Amino acid sequence: MNKTALITGSTSGIGLKIATSFAKEGYAIMFHGLEKNGLEIATEIGKKYNVKVGFSNANLLKSSEIEKLIEETIATFKSIHVLVNNAGIQYVAPVKDFPNEKYENIIAINMNAVFYASKAVWNQMEKQQFGRIINISSVHGLRASEYKTAYVTAKHGVIGMTKVLALEGANKNITCNSICPGYVKTPLVINQIKDQAQAHNMSEKDVIEKVLLKKQAVKEFIPVAAISDMTLLLAKDTSTTITGTSFTLDGGWTAQ
Ligand code: NAD
């Protein structure tokens, strides 16, 4: 395996599991995220699986930092085969109280960063005649829930962007797909449980049972391993014709 993967937000939660699974398969990994121990995480996983790693804490709120992140990845590894646009944030509040700054930041990190990163990898992927852009959208890219104006808007946007990139990448062996998980127990959701409890005036236990998992037919959090397995599949050489689509891992939420 002489392939390189950049996974944004890979020093926490879903991204960390994806990066670890790719390292296990022998990919060189560009780790990225704001966690203070990011470099240690990257170094440890690199040693464990004997793969080359890099680390960046580029702030995805700034397009210039995203461009630098991609430049740094290509300079370090001389390639970029897989881009997983995973980093994301959440904020939950009724629309009338939704702070503008929170709205703008969610749109910037969860949606605009996908555009800037994909744009910046494009030339290199074209040169390689190989590219796999995998966007971690959400079931909220396909369905809405109240109090999530920014998140639902951004995640729907990512699914639209995925289709456009797939069309532009066709015949260049650049594919683009979205993965749409239901609830995964990561720091992002643990914080949300607290916010939802406040918004609904409920206990955290009731939020998990009556709000979060209410819409999933399977009343279990989605395992991070299910998401990393799907990501690995989409990255494969043989996945050239799987493009422009969204894969739900949502415990049957959108089946209803
Ligand atoms: P997480 O909070 O564990 O990780 C988010 C990562 O994004 C972290 O590494 C963080 O440092 C990074 N990040 C946040 N803001 C950043 C910024 N400004 N610049 C650079 N990096 C930044 O969250 P997670 O649950 O693992 O979420 C990962 C992705 O999966 C997100 O896009 C999220 O919307 C999506 N998702 C999560 C769930 C869930 O239930 N957890 C469900 C569906 C989709």
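The values are calculated or read from the model by the stated rules, or taken from the named source; none is laboratory data. Owing to the predicted nature of the structure, the values given are computational and were not obtained by experimental measurement. Virtual Cβ from ideal backbone geometry, glycine too; neighbours counted across all protein chains shown. Accessible surface is based on the protein model in full, side chains and every heavy atom, while ligands, DNA and RNA are left aside. Shrake-Rupley method; radii C 1.70, N 1.55, O 1.52, S 1.80 Å.
Brief remarks follow.
- Tabulated pairs, segment 50-75, first on the phi < 0 side of the Ramachandran plot, second open to solvent by 80 Å² or more (accessible area, probe 1.4 Å) and within 11 Å of the ligand (Cβ to nearest atom), C-beta under 8 angstrom, 6+ apart or interchain: N57/L34; N59/L34
- Looking only at residues in segment 187-208 that are buried (at least 16 other Cβ atoms within 10 Å of the Cβ) and within 7 Å of the ligand (Cβ to nearest atom), the one that is modelled with the lowest pLDDT is L188.
- Selection status of K78, out of contact with any Gly (no Cβ under 7 Å at 6 or more places or on another chain), within 15 Å of the ligand (Cβ to nearest atom) and either closer than 24 Å to V189 by Cα or not hydrophobic (A, V, I, L, M, F, W, C) (or both): no
- From L34, L39, residue being over 18 Å from I136 (Cα atoms) and within 14 Å of the ligand (Cβ to nearest atom): L39
- Note on segment 230-253: residues that are buried (at least 17 other Cβ atoms within 10 Å of the Cβ), over 16 Å from the mean Cα position of the chain (by Cα) and in a helix (DSSP H, G or I) total 1.
- For the residues I227, I133, I222, the requirement of being assigned to a loop (DSSP other than H, G, I, E, B), surrounded by 19 or more Cβ atoms within 10 Å (Cβ to Cβ) and touching a residue at least 40 places away in the same chain (Cβ under 8 Å) singles out I222.
- Criterion: within 15 Å of the ligand (Cβ to nearest atom) and farther than 23 Å from I106 by Cβ - qualifying residue of V211, V184, V218: V218
- Top-ranked residue of segment 97-127 - restricted to ones that are surrounded by 17 or more Cβ atoms within 10 Å (Cβ to Cβ) and more than 16 Å from the ligand (Cβ to nearest atom), ranked as farthest from E168 (Cα to Cα): F98
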